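Below is one structure; the comments refer to it alone.
Please treat every number below as a calculation from the coordinates, not as lab data. These numbers were taken from a predicted model, which means no experiment stands behind them. Because the Cβ atoms are built from the backbone with ideal geometry, glycine has one as well, and the counts that use them run over all protein chains shown.
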Amino acid sequence: MKTLRLVLGDQLSRSVSSLDGIEPECDVVLMAEVHDEATYVAHHQQKIALVLSAMRHFADELIREGISVDYVRLTDEGNTGSLCGELERALERHKCDRIVVTEPGEWRVQQFMKEWQGRFGIPVEIRADSRFLCSLAEFAQWAEWRKR
C-alpha cells in the first residue's frame, strides 16, 4: 500500500506520528508551502520566512535519510495556494492508496482533514499528536465539567 504522508509546517520533527512506520521504498512525504496557510491571519514576514526555511531544511533531512519527499514551494508553477489543492495534486502524481497525517494544532485545518476521505475517496488516518502531554480527546474529557 502506497501512503502519502502530509507533514505541516509546525510538525517538523522526525518523531511526528505521521512518520511512524514510514516505508521509504513506497511512501511519499508531502510538504507544501501554500498561500492560504501563510495569510489566513496576519503573520510577521520574518516568521513566515523562518517557517519556510525550517520546512525546506527538514525536507532535506528526510531526503538524506532516503525518504521520498514531494516538496511544493510557494513559487512553483501550478501551486494551488491551498493545502487541499496541493494534496489533490500530490495524490494524482503519486497514485497513493491512503493518506496519513498528524492531527493539526488548528481547528480549521482539522475540519479540512475530516473531509478528505469523502473528497478524495481513499482512507485518511488522522493520528494523535504525541508531542503533547495528552491527546485532544483526553483534554476534552478532563475539561468537560470545568468552566475554565
Shape call for the stretch 81-148, from the Cα gyration tensor axes a ≥ b ≥ c (a/c under 1.5 means rounded, otherwise prolate when a/b beats b/c, else oblate), comes out prolate
Ranked from highest to lowest mean number of other Cβ atoms within 10 Å per residue, what is the order of the peptides 62-75, 100-113, 2-15, 129-142? 2-15, 100-113, 62-75, 129-142
Between HIS35 and ARG56, how high is the FRET efficiency from 1/(1 + (r/R0)^6) when r is the Cβ-Cβ distance and R₀ = 22 Å? Nearest 0.05. 0.85
Can you give the extra length, in nm with one decimal, that the chain gains between GLU92 and THR80 once fully stretched, where that is 0.36 nm per residue apart less the Cα-Cα distance? 2.9 nm
With only alpha-carbon atoms in the gyration tensor, what are the semi-axes of the equivalent ellipsoid for the stretch 68-113, in Å, largest first? 19, 15, 10
Links exceeding 31 Å between C-alpha atoms in this model, out of LYS2/LYS114; LYS47/LYS147; LYS114/LYS147, come to LYS47/LYS147
Only four residue types carry charge here, +1 at the Cβ of Lys and Arg and -1 at the Cβ of Asp and Glu. Report the dipole size of the stretch 1-99 about the Cα centre in Debye, rounded to the nearest 20. 100 debye
With runs of 4+ DSSP H residues as the only contributors, calculate the mean residue ellipticity of the chain at 222 nm using -39,500 (n - 2.57) per run, divided by the residue total and rounded to the nearest 500. -12500 deg cm²/dmol
